[in-house]
Amino acid sequence: MSDSSTAGTKMTTPLLVVDGISLRFGGVQAITDMSFDVNRGELFAVIGPNGAGKTSIFNCINAVYKPQQGSIRLDGTEIVGMHPRETAEMGVARTFQNLGLFGNLDIVDNLMLGRHHLMKTGFLSGAVWWGRAKHEEISNRATVEKIIDLLELGNFRRKPVGMLPYGIQKRIELGRCLAMEPRLLLLDEPVAGMNLEETEDMARYILEVRSSLDVTMIMVEHDMHVVMDLADRVMAVDFGIRLATGTPEEVQQDQRVIDAYLGKAS
Amino acid sequence: MARQSPYLITNYSKDLRLFGSSWRRAGLLLLAALFIVLPLQLDDFWLSLLATVGIYAIGAIGLNLLTGYAGQVSLGHAFFFGVGAYCAAWFGGGSAVGTRDGVLFLDLPMFVWLPLAGLIGAALGALVGPVALRLSGQYLAIVSIGLLFVGDWILLGWVSATNGSQGLRVTAEPAIGPVNFSDLNIFGSAFSPEQGEFWFVWGLVAVVALMAKNIVRSRPGRALQAIRDRDVAAEIIGVNPARAKIGVFALSSGIAAVAGGMYGMIVVRTVTPETFTGFGGLVTSITFIAIIIVGGISTISGAIVGSLVVVTLRQVTSRFVDVLPFLKQTPNDDGLMLVGQFNLIVFGLLIIIFLLAEPLGLVALWRRVTTYFKAWPFSY
């Protein structure tokens, strides 16, 4: 480990640096001067009441929204001003609060679509099939099947995902993100609407993904048990403003966070 | 060593085979046998009908890629069909109907002009494609009707090339090198034009269907379906919507133009604007839509099955117009309505019935039946 001082600093510098971003929609201030870092391999949670701007933060990180001010750097590369698909190529993957699956396609195809940016077949080589298209299908299928194994989705492999239960669909979406070989995984309410058993399943898969794949995660979640149990650090936001950042215990004790959730004692 | 079960799939290459099961291979064999035997058994009326069915099937495969797989509703398909038909006259050989001179015709061999027609159709489709980046659903459908009327204006106005409403005669022959399918002669036995054209058309149907199937089961086709199902999510996972949409417009228009070229050469042999543009073009476009809805939206085989039903129905009503007392061939005959009007009503009814009862078409019905018998006697 002595030969790589640069690699050493790379390991200690944060993967994602969000520096003073502000996002407005007309007169509505969704995010105000927000800054935070996410370290490599960390599970970073964002909490806050409804409308606090949590999903807007995600939409800025994968370039769906463009903040009017500030910068977002992934490994030193500026993300603000990119196309969403360029962030996908850089290794930012996300799940959606209300699912973003392709309902008529089966699990294999949904996960293969996660590998879209890693494949090259175009219309012509696709039409020919023999050669690049078939070769790519087979080699990427192997990776997809590993993810299907990891998330225990094998039983539903060839079912249209729109017909599967909600909890399974959430898991498929996580799988599609993993198929993208992400460096940064954005989980938007991964256990929203789930019962206790499904929630525990999902928490287990998130932990399993953490331990078996080297991926940094940011999670937006309302379920405080999940957040406090899984997250390394928590950031609380309200009205687009950062209230506090710290370990789950620190944030739980923070007076501003308590006020935001429970109202101020007057 | 124990013999391996034929149902056990042990590698991905096996899993990706189109004709993986023995049932499917048997079906393929049956189709191949029909392909060879039918022209030797059927009379020329049915053979030319089946050739027309095949040509419409090719066009419908193109529309199904666009509308079924990519979710872009277009009523302008007839325009690209027409582009191909005019290309048949311009590049494959033709003459102006009537007395007009000076229309330029080339006598290129088919293996040059038919792909050329496809490329021209694809180029025009790629020009239209960007519209779909801003519009979708019914808005795109309405704009695409505009294409039919712009086309009408061009074909009627550009008289020096199109001979206006009188149209062009197509003299191109379906010949590949020394093999002319309209005048087929194998080992001393001569075949009628209908027999040769059947083999040519359905050979091409097989090629186009295979290529389309390959596209939809590989990366570009999955991107189309992703955009259809959820365009925002598709872009976030790295699909380029502009490339996919423009690509599928070019592809579907190119296929339509190839089908149109064959239509001009084999079916009508005189191309006039009224089949492809304006209101007549709208009827042709709706015929294509009826085909994919009846056959099965987002399936390649659905385009073929749908064409078999819809086109056969259309041709048969005009053939048996004398037997059906309420139909008339020309406006001056006795009868309640024209054959064309009757056909439109039938297509409309078919579209409505299928959308209500079996939105995924005959192919879905077939799948349901086979699934039932696979699990028989259990109901699930």
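Computed values, structure above
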| quantity | calculated |
| --- | --- |
| Extreme residue, least open to solvent (accessible area, probe 1.4 Å), among residues of region B:127-147 that are under 19 Å from B:ARG230 (Cα atoms) and among the polar types (S, T, N, Q) | B:SER136 |
| Sole exception among (1) within 14 Å of chain A (Cβ to nearest Cβ); (2) in a helix (DSSP H, G or I); (3) among the aliphatic types (A, V, I, L, M); (4) open to solvent by 10 Å² or more (accessible area, probe 1.4 Å) for B:ILE61, by number | (4) |
| Hits in region A:109-127 - residues which are within 7 Å of chain B (Cβ to nearest Cβ) and open to solvent by 40 Å² or more (accessible area, probe 1.4 Å) | A:PHE123 |
| Pairs, first over 26 Å from A:GLY154 (Cβ atoms) in region A:79-107, second in a helix (DSSP H, G or I) and open to solvent by 40 Å² or more (accessible area, probe 1.4 Å), C-beta under 6 Å, six or more apart | A:PRO84/B:GLU235; A:ARG85/B:GLU235 |
| Candidate set: region B:275-298, residues that are touching a Phe, Trp or Tyr at 6+ places or on another chain (Cβ under 8 Å), in a helix (DSSP H, G or I) and β-branched (Val, Ile, Thr); chosen: the one most open to solvent (accessible area, probe 1.4 Å) | B:ILE286 |
| Output for region B:224-243, where each listed residue is under 15 Å from A:PHE123 (Cβ atoms), within 8 Å of chain A (Cβ to nearest Cβ) and open to solvent by 10 Å² or more (accessible area, probe 1.4 Å) | B:GLN225, B:ASN240 |
| Residue among B:SER301, B:SER318, B:SER307 that is open to solvent by 50 Å² or more (accessible area, probe 1.4 Å), in contact with a helix residue (DSSP H, G or I) (Cβ under 6 Å, 6 or more places away or on another chain) and hydroxyl-bearing (Ser, Thr, Tyr) | B:SER301 |
| Residues that are within 16 Å of A:LEU16 (Cα to Cα) and open to solvent by 60 Å² or more (accessible area, probe 1.4 Å), drawn from region A:178-231 | A:ARG183, A:ASP214 |
| Flag for B:VAL267 being part of a helix (DSSP H, G or I), open to solvent by 30 Å² or more (accessible area, probe 1.4 Å) and more than 10 Å from chain A (Cβ to nearest Cβ) | yes |
| Failed item in (1) in a loop (DSSP other than H, G, I, E, B); (2) in contact (Cβ under 8 Å) with a residue 24 or more places away in the chain, with B:ASP333 passing the rest | (2) |
| All positions within region B:244-264 that are at the interface with another protein chain (Cβ under 9 Å from one of its Cβ atoms) and within 19 Å of B:THR162 (Cα to Cα) | none |
| Any strands (runs of 3 or more DSSP E) falling wholly within region A:12-69 and containing at least 2 residues that are open to solvent by 10 Å² or more (accessible area, probe 1.4 Å) | A:16-25, A:28-38 |
| Among (1) outside any helix (DSSP H, G or I); (2) without any contact (Cβ under 8 Å) to a residue 60 or more places away in the chain, the one test that B:LYS14 misses | (1) |
| Filter result for the condition that a residue is open to solvent by less than 40 Å² (accessible area, probe 1.4 Å), of a type outside the set (Lys, Arg) and without any contact (Cβ under 8 Å) to a residue 40 or more places away in the chain, over B:PHE198, B:PHE181, B:PHE187 | B:PHE181 |
| Identity of the residue in region A:79-95, of a type in the set (Gly, Ala, Ser) and surrounded by fewer than 24 Cβ atoms within 10 Å (Cβ to Cβ), that ends up farthest from the chain's Cα centre (by Cα) | A:GLY81 |
| Yes/no for B:VAL207 being within 14 Å of chain A (Cβ to nearest Cβ), β-branched (Val, Ile, Thr) and within 16 Å of the chain's Cα centre (by Cα) | yes |
| Hits in region A:76-121 - residues which are out of contact with any helix residue (DSSP H, G or I) (no Cβ under 6 Å at 6 or more places or on another chain) and among the small types (Gly, Ala, Ser) | A:GLY76, A:GLY81, A:GLY91 |
| Count of region B:112-121 residues which are among the aliphatic types (A, V, I, L, M) and surrounded by fewer than 23 Cβ atoms within 10 Å (Cβ to Cβ) | 4 |
| Candidate set from region B:329-344 (those that are at pLDDT 85 or above and within 21 Å of the chain's Cα centre (by Cα)); member that is surrounded by the most Cβ atoms within 10 Å (Cβ to Cβ) | B:ASN343 |
| Residue tally, condition without any contact (Cβ under 8 Å) to a residue 40 or more places away in the chain and of a type in the set (Gly, Ala, Ser), over region B:38-73 | 0 |
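The values are calculated or read from the model by the stated rules, or taken from the named source; none is laboratory data. If you're wondering where the values come from, they're calculated on a predicted model, not measured in any experiment. Cβ atoms come from the backbone with ideal geometry, glycine included; neighbour counts cover every protein chain shown. Note: accessible area is taken over every heavy atom of the protein model, side chains too, but ligands, DNA and RNA are not part of it. Shrake-Rupley method; radii C 1.70, N 1.55, O 1.52, S 1.80 Å.
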